[in-house]
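Below is one structure; the comments refer to it alone.
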Amino acid sequence: MDLVNHYGSSDEEDHQETVGTMSKSSIQINATPDAGFDNNSVGIYTAPTATELTVNVPYDDMMRPVYGPENPHRDPRLATQNILTGHVEQQAISESDFRTQMRTFETYGFARDPSLGSNNLAGQTGQGVMGTGYVGNLAAAAELGGVSIYDSIPKAMRPNRGAKKKRMAKGDLSVVDGENAYKGPWAGYNDDKTLPVHTEPEEQDTAKEEQVETTKEEAGAQEAGEMVLTAADKRKKMMEPGNEKTIFHGESEFDYLGRTYMAVPQDTDVNLLGEAGTQECFIPKKCIHTWAGHSKGVSAIRFLPKSAHLLLSAGMDNKIKIWDVYHNRDLLRTMIGHGKAVRDIAFSNDGRRFLSASYDRYVKLWDTETGQCIRSFSTGKVPYCVTFNPDEDKQNIFLAGCSDKKIVQFDANTGEITQEYDQHLGAVNTITFVDDNRRFITTSDDKTMRAWEYDIPVVIKYIAEPDMHSMPAVTLHPSNKWLACQSLDNQIVVYGARDRFRMNRKKRFAGHLIAGYACKPGFSPDGRFISSGDSNGNVWTWDWKTCRILKKFKAHDKVVMNTEWHPHETSKMATCSWDGLIKYWD
């Protein structure tokens, strides 16, 4: 039938097409021919210009002897190699014996020769160093009789004998500096040789200058017959109330109209007396100014309430500074009165006064205009946070969260303690007034959040979950409805600021790294954006509604502690860091 189907007709064209079809079907094409790469004996031979092998050569083939005559100059030690880098002897030793000898060597400096039970490369039985059967410190092995870590030895022969006798005293818990200061479990030993801490060349030069100045002061005091004070005595003297001082850095404290820097400037493009948050805000893009005046890190910054034409900063150099936000942006005043780093600062409602809390265990009330210290307060414990009562008729009342797990309420007029709130199990980190200032929220190192009625030392709401972390920084939303809490598990969690204080699980701001630092969140005046610094010196900005990351930029060289938005500007923000700088962004 095939022949009939292809039977040629009288037409030449049909005949040609039939022949062409038959010839095409007879051709076979192999799309994957054998390239010969599977043959290792052929694949290892490469072209002189090749830079890689086309086959995987086994390790045994690579380690075979080289063909050809032997190199007479070759190191004879290489003949005994059984691995690429040397020779490994096979030993049979149990895991328990190996761990015992390893710990014995780490403790006493000697151990038994592991090759005692077998022959070495030369066919000899291992005898240790000089035939003793031990390796390491032979003198210690002979003195201790070759004991192991699990054998008991006399106390007189123990390496740590007499350690308790030469341990320094822990000191008195109530003494901070000087003789008999509290060292606790960090007390060293009398015979310890402490090495100097490595410092930068600039710090070394500064230390040398201070040492020269101190030597000159001591020499002058000795010539005058005065008593020479040590550095600890000077710090104590500075901490005592009444020894505070202030320095004005401008040309004149008053202008031609007799006004001080507290007067709100009227020559700016922004209405500084308007209502905050009425303008639409945007994310800042570039740094427009840098304030450099603190010799150490800056722990907190605050804008002057209402007008925000002044900026207050607290530094780890024990100083508090006031900066001008407009005009020349100069340093206006420095307050000196704390003996240790200043941790927190807080303005009163009108900005005429402010509080400072320091590690020297003092809370001090200052006059913003003159820089004079009005009064000092102390409970003998370190205050971690301070805040005024926001009510206009209670501006003489402030609260301080202390290291002794208490919130202490002071009357600034009399200096007396009017109330104590004692329920926390750890140091109190934040105090935030909510619900028309009738209640306040506190967070602590005990990983809990507690709500209190003002002036009533009873907890009305106790918040503690198994997955909660400590929240060392809290900021109130401009709408006064939410609390943004910086949690130490690298996220910002949100709680309601109304009656129930419930956690809003739909709002969670993450992506930054702040574990171990109390980086205070900041809100734009209109409440659309939330910002925070991180431990790497970056500033993060999120959208409040969607919780999406909008922007991240490098702001400082060290951890950023505060991001404060200007209440009357559309996109201005101030940041402070442990690098000692305060930057202004727009």
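Nothing in this text is a laboratory measurement; each read-out follows from the coordinates by a stated rule. Everything numeric in this text was worked out from a predicted model, so none of it was measured. In this analysis, Cβ positions are derived from the backbone assuming ideal geometry, glycine residues included, and neighbour counts consider all displayed protein chains.
Across the range 134-150, in residue order, what do the Karplus-derived ³J(HN,Hα) couplings come to in whole Hz, using 6.51 cos²θ - 1.76 cosθ + 1.60 with θ = phi - 60° and x for Gly and Pro?
Rounded to whole hertz, the list is 10, 10, x, 7, 5, 5, 5, 5, 5, 5, 8, x, x, 6, 9, 5, 8.
Would you mind calculating the gained length between Asp255 and Glu275 on full extension (0.36 nm times residue separation, minus the Cα-Cα distance), in nm to one decimal?
Length difference between fully extended and current span is 4.5 nm.
What's log10 of I(q)/I(0) for the range 258-371 at q = 0.14, 0.16 Å⁻¹, Debye sum over Cα points only, no solvent?
Here the Debye-derived log intensity ratios amount to -0.62, -0.79.
Could you compute Rg(Cα) / (2.2 N^0.38 Å) for the range 254-306, with N its residue count?
1.53
Provide the gained length on full extension for the span Ile149 to Glu106, in nm with one decimal, where the gain is 0.36 nm per separating residue minus the Cα-Cα distance.
Gain on extension, Ile149 to Glu106, equals 14.5 nm.
For the range 470-586, what are the per-bin percents of Cα-Cα distances with bins 10 Å wide, up to the bin holding the maximum?
With a bin width of 10 Å, the distribution comes to 15, 50, 31, 4, 0.
Based on the Kirkwood radius over alpha-carbon pairs, what value in µm²/s does the Stokes-Einstein equation return for the translational diffusion coefficient of the range 312-425 at 25 °C and 0.890 mPa s?
Diffusion coefficient, whole number: 170 µm²/s.
Can you tell me how much longer the chain between Val458 and Asp435 gets when fully stretched, taken as 0.36 nm per residue apart minus their C-alpha distance, in nm with one decimal?
Here the answer is 6.6 nm.
To the nearest 0.05, how large is the calculated FRET efficiency for Lys506 and Ile27 if R₀ is 60 Å and r is the Cβ-Cβ distance?
Approximately 0.30, to the nearest 0.05.
What ranking, highest mean first, results for peptides 54-67, 384-397, 554-567 when packing means the other Cβ atoms within 10 Å averaged over each residue?
Packing proxy ranking, top to bottom: 554-567, 384-397, 54-67.
Can you give the FRET efficiency for Ala169 and Asn243, using 1/(1 + (r/R0)^6), R0 = 30 Å, r = Cβ-Cβ distance, to the nearest 0.05?
Here the calculated transfer efficiency is 0.50.
On alpha carbon coordinates alone, what is the Rg over Rh value for the range 385-478, Rh being the Kirkwood radius?
0.95
Using a Förster distance of 35 Å, how high is the FRET efficiency between Lys285 and Lys481, based on the Cβ-Cβ distance and rounded to 0.05?
In this case the efficiency is close to 0.75.
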